[in-house]
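Report on one structure; see the data block that follows.
Quick note: the coordinates plus some simple rules give every number you see, no bench work behind them. The structure presented is a predicted model; accordingly, all values stated were derived computationally and were not measured. Virtual Cβ from ideal backbone geometry, glycine too; neighbours counted across all protein chains shown.
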Amino acid sequence: MAKKKVEKPRREITKRQLSHWQQQKRRQRIVLAVGISIAAAVLVILGVGWYTNEYRPLHRTVIKVNDTEFDMNYYIKRLQLHGAGQTVLYLYGVVDDVETTIVQDELIRQGAMELGISVSDSETDVKLEGYDSSVSAVLRDAVRSQLLIIKLQDDYFESKVPFYAEQRQVRAMFLESESQAIEVRDRLKSGEEFAELAGELSLESFSQIEKGDLGWRPKDFLTELLGTSVPSEYAFGADVGVLSQPLYDEEGSKNLGYWLIRVTDRIEDPEQVYAHAILLGSEEQAWQVKDKIETGGDFAALAEEFSLHAESKESGGDLSWVTPFMMSEAFSDFAFDPDVTWGRLSEPIRDEDAVTPGGYWLVEVLDKDDNREVEPNDRELMKGEALTDWVATLMHDPENEVASYMDDELKRWAADRAYERLD
């Protein structure tokens, strides 16, 4: 006989228990809601952090050229383009150059549009043929800028440079002092060859390489070629066949200077010497200043008056402690010579690594033509100069509103980001 199923007595839930369970569920719902809120808050915080640290800085305007704005992301990409394969230190060094390039390219674009000149997308595509189709807009801009410069030079400035102009056939050489120029002029008058002396002695690179033969040149081009107006002013006012007297040129620069050095102390490890020095532009002047010092002249005062080395001039000749690699080879060879006598002023020391202003020209006009065809290579260079002058006018035009919203810290941040993307 089957056992009778025994039913468990039903458990009665008291009001007190019901109230306790309801409170428990309510606490669970509160905990869940708080958990969800915290998670949402974390996401918001992360989102805000991303927006604050990533999105907003990259999309803020950092350069404005009239009505055109460039954001930080664009600037960083231009840094990447400029610094491909370079170190972060290199990028730190070009942050200002890249900013200037962006401004200049945009001013050229705007200026060219006013002249009715532009570069189409199809022209840019042809230049970029073979590149990945996803090439960045920044690279396209850089290529477009180069094409625009070529078009300006070949189309617009072609008509601005004459095919015929008044010209002179000139030879010239640049010498360090008046006394040397007088001596060389006497040697030329005595029959020595201009080419031989110019090739040996001229301190201006073009005239030295060409052995004094500057060829047929228009006046303005001759000035641009030599970086000074002194020879061209003489050449276009002189008679044919007349060798000039020494012509002083205070702006012409040369790769030559003369040191007067006094070493007063020395340290062996690390190797250093305590030096006082004055840099002069000619051997003649160096001997004159040395004579003044040795007859009681004040070294510091003479350094401040005559030295062509910035630090020496500012410090009255006191260069303090210097290492062998701080100065030129000629300077170091004397200053670190173990046999140098402390406290004794050196004789003039020739330094062909020094760049000093001033010198004297000897110029002769071999022939003249009031309407001679300009050489094709000269015309190309003249068009380039005209373009350069036009760009400089744009850059300095007060009507162009150019603004930069970056300080040094922000530029360094941009360089770091550019380097991270390159790495």
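Number of residues in the stretch 204-220 that are surrounded by fewer than 21 Cβ atoms within 10 Å (Cβ to Cβ), of a type outside the set (D, E, K, R) and either touching a His at 6+ places or on another chain (Cβ under 8 Å) or on the phi < 0 side of the Ramachandran plot (or both) equals 5. Taking the conditions exactly as written (more than 28 Å from L175 (Cβ to Cβ), aliphatic (A, V, I, L, M) and surrounded by 13 or more Cβ atoms within 10 Å (Cβ to Cβ)), does V289 satisfy them or not? No.
Among the residues of the stretch 330-378, those identified as basic (K, R) and either assigned to a loop (DSSP other than H, G, I, E, B) or surrounded by fewer than 17 Cβ atoms within 10 Å (Cβ to Cβ) (or both) are R344, R350.
Consider E250 carefully, then state whether it is outside any strand (DSSP E or B) and either out of contact with any helix residue (DSSP H, G or I) (no Cβ under 9 Å at 6 or more places or on another chain) or surrounded by fewer than 22 Cβ atoms within 10 Å (Cβ to Cβ) (or both). It would help to see each step written out before you state the result.
Numbers: outside any strand (DSSP E or B): no; either out of contact with any helix residue (DSSP H, G or I) (no Cβ under 9 Å at 6 or more places or on another chain) or surrounded by fewer than 22 Cβ atoms within 10 Å (Cβ to Cβ) (or both): yes.
No.
Here Y131 passes the criteria (1) touching a helix residue (DSSP H, G or I) at 6+ places or on another chain (Cβ under 9 Å); (2) part of a helix (DSSP H, G or I); (3) hydroxyl-bearing (S, T, Y) except the one numbered (2).
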